[in-house]
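The values are calculated or read from the model by the stated rules, or taken from the named source; none is laboratory data. Computed from a prediction, not measured in an experiment: that's the story for all the values here. Remember, those area values only see protein heavy atoms, side chains included, never the ligands or the DNA or RNA. Shrake-Rupley method; radii C 1.70, N 1.55, O 1.52, S 1.80 Å.
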Amino acid sequence: MKNYFLSLAAVAAVSLHAEQFTVYVGTYTAPNASKGIYKFTFDNATGAPGPVELAAEVESPSFLA
């Protein structure tokens, strides 16, 4: 995961008892940089993130609801 993800808002649909859940991250886009909304899985038991993949190519989604 790139450093610019750390400063952006993340939204997760989560059950408190779930072992894994999906996190969506909205990013500011720029030429040759981010492309929009990304997603990755998060393992609640280990704290390990899964691989990051592009969920939607959108111009500068500053927040997700």
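Quick grid of which residues meet (1) at pLDDT below 80; (2) open to solvent by 70 Å² or more (accessible area, probe 1.4 Å):
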site: MET1; (1), (2): yes, yes
site: LEU8; (1), (2): yes, no
site: ALA13; (1), (2): yes, yes
site: GLN20; (1), (2): no, yes
site: GLY26; (1), (2): no, no
site: LYS35; (1), (2): no, yes
site: PRO49; (1), (2): no, yes
site: VAL52; (1), (2): no, no
site: SER62; (1), (2): no, no
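Just give me the residues in region 37-47 being open to solvent by less than 50 Å² (accessible area, probe 1.4 Å), of a type outside the set (Phe, Trp, Tyr) and part of a strand (DSSP E or B), in sequence order. Steps first, please.
Going residue by residue through region 37-47, those that are open to solvent by less than 50 Å² (accessible area, probe 1.4 Å) are 37-38, 40, 43, 47.
Subset that is of a type outside the set (Phe, Trp, Tyr): 37, 43, 47.
Result: ILE37, ASP43.
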